[in-house]
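**Q** Supplied in structure tokens, the structure appears directly below.
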Amino acid sequence: MKTERPILSASLLCKKFSNFTAVTDFDLSLKPGEIFGILGPNGAGKTTIIRMLLGLIKPSSGEVVINGFSLSGNFVNAIKNIGCLVETPFFYNYLSGRENLELLFKISNPKLNPHQDVEQTLKLVKLFDRADDTVKKYSQGMRQRLGIAAAILHKPKIVILDEPTNGLDPEGMIEIRKLILSMAKNQNISFLISSHLLSEIEQLCHRIAILNLGKTIAMGSVSQLIQPGDDNLEDLFLRLIKTKK
């Protein structure tokens, strides 16, 4: 049986800032269509890992390979396979959702006609019917969907989301969850998600990594990691963080 090549792999990633080690020996092998969650308390190293995977900061050691391309050796070909939504997405409130995406497309692909790709993306994130409304009329959940649309507009194979449901009401959280699950299943897009909302991660992710003080203290599916006495991911998380302090 043929083994599917990981769409993203990170090997022994480390990051040191002066005398402080933020991340130690982080490994990851992300499969096409997989949803992977990164969990950890503040200061665990989640943001540092995301910044290294996006090429925003250089690892002190280790390697990142994206769709067969080394991030350090072939940055342009590697990074074009990644889309991201980090923190709150910025849009022009006086422009419509469609106009914001068309502007973004023209900036990144000035020689191409954005119409077809923008229309397809709006349909994919279920904003097509509201695409001509100005963004100032959008709910927080709609803004997050537009942010995901911006992240996938160039058809990446991997999307990195940092707190994608942050600030959303329960209905908005359900919308984003369904959208991510649908894109992973139907578009074979891989997702790497960092979040503090353990219940969302438990419902979304095929596998998770739990970090503490820059080290990976657990990795696998939630069902594999939960032990007798753990009722859910929150119990597992608190037990591991307390044990490893």
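**Q** If packing is taken as the mean number of other Cβ atoms within 10 Å per residue, what is the order of 164-171, 187-194, highest first?
**A** 187-194, 164-171
**Q** Two-decimal Rg/Rh of the stretch 147-225 from alpha-carbon positions, Kirkwood Rh?
**A** Rg/Rh: 0.97.
**Q** Still on this structure, I have one more. Set the bar at 27 Å for Cα to Cα. Now go through K136/K157; K31/K123; K157/K242 and name every pair that lies beyond it.
**A** Correct reply: K136/K157; K157/K242.
**Q** Once you list every other residue whose beta carbon is under 14 Å from the beta carbon of F191, what net charge do they have if Lys and Arg are +1 and Asp and Glu are -1?
**A** Net of charged neighbours comes to +2.
**Q** Probe of 1.4 angstrom, ligands and nucleic acids ignored: what's the accessible area per residue over the chain, in square angstrom?
**A** About 53 Å² of surface per residue is accessible.
**Q** Which whole-number percentage describes the relative contact order of the stretch 153-245, with Cα contacts under 8 Å and a sequence gap of 6 or more? If you can, show how the numbers build up before the last one.
**A** Working: 83 pairs, mean separation 20.5, N = 93.
Relative contact order here is 22 percent.
**Q** Limiting things to C-alpha atoms, what are the Rg and the maximum Cα-Cα separation (Dmax) for the chain, in angstroms?
**A** 18.4, 58
**Q** Here is a further query. Of the candidates I50, I180, I217, which one comes out as most mobile in a Gaussian network treatment of the chain with C-alpha springs shorter than 10 Å?
**A** Maximum fluctuation in the GNM of the chain, among the listed residues, is at I217.
**Q** Over the Cα atoms of the stretch 54-146, compute the convex hull volume and normalise it per residue, giving Å³.
**A** 124 Å³
**Q** Using only the alpha carbons, work out the radius of gyration and Dmax of the stretch 1-119 in angstrom.
**A** Here Rg and the maximum Cα pair distance are 17.3, 53 Å.
**Q** How many angstrom lie between the C-alpha centres of the stretch 112-174 and the stretch 52-84?
**A** Result: 24 Å between the Cα centres.
**Q** Okay, moving on. In nm, to one decimal, how far is the D231 label point from the V76 one, both placed 7 Å along Cα→Cβ?
**A** So the label points at D231 and V76 sit 5.5 nm apart.
**Q** Here is a follow-up. Would you compute, from DSSP H runs of 4+ residues alone, the mean residue ellipticity of the chain at 222 nm, taking -39500 (n - 2.57) per run and dividing by the full residue count, rounded to the nearest 500?
**A** Counting only the DSSP helices, I get -10500 deg cm²/dmol.
**Q** Carbon and sulfur: what percent of the chain's accessible surface (1.4 Å probe)?
**A** Values: 6610 of 12870 Å².
In the chain, the share of accessible area belonging to carbon and sulfur is 51 percent.
**Q** Now, a different point. With every protein chain kept in the model, how would you rank Y138, Y94 by accessible area, 1.4 Å probe, largest at the top?
**A** Numbers: Y138 15, Y94 160 Å².
Ranked from most to least accessible, the order is Y94, Y138.
**Q** Moving on. For the chain, what's the relative contact order in percent, using C-alpha pairs closer than 8 Å and at least 6 residues apart?
**A** Computed over the chain, the figure is 25 percent.
The values are calculated or read from the model by the stated rules, or taken from the named source; none is laboratory data. All values reported here derive from a predicted model rather than from experimental measurement. Quick reminder, even Gly has a Cβ in these numbers, built from the backbone with ideal geometry, and neighbours come from all protein chains shown. For accessibility, only protein heavy atoms count, side chains too; no ligands or nucleic acids. Shrake-Rupley method; radii C 1.70, N 1.55, O 1.52, S 1.80 Å.
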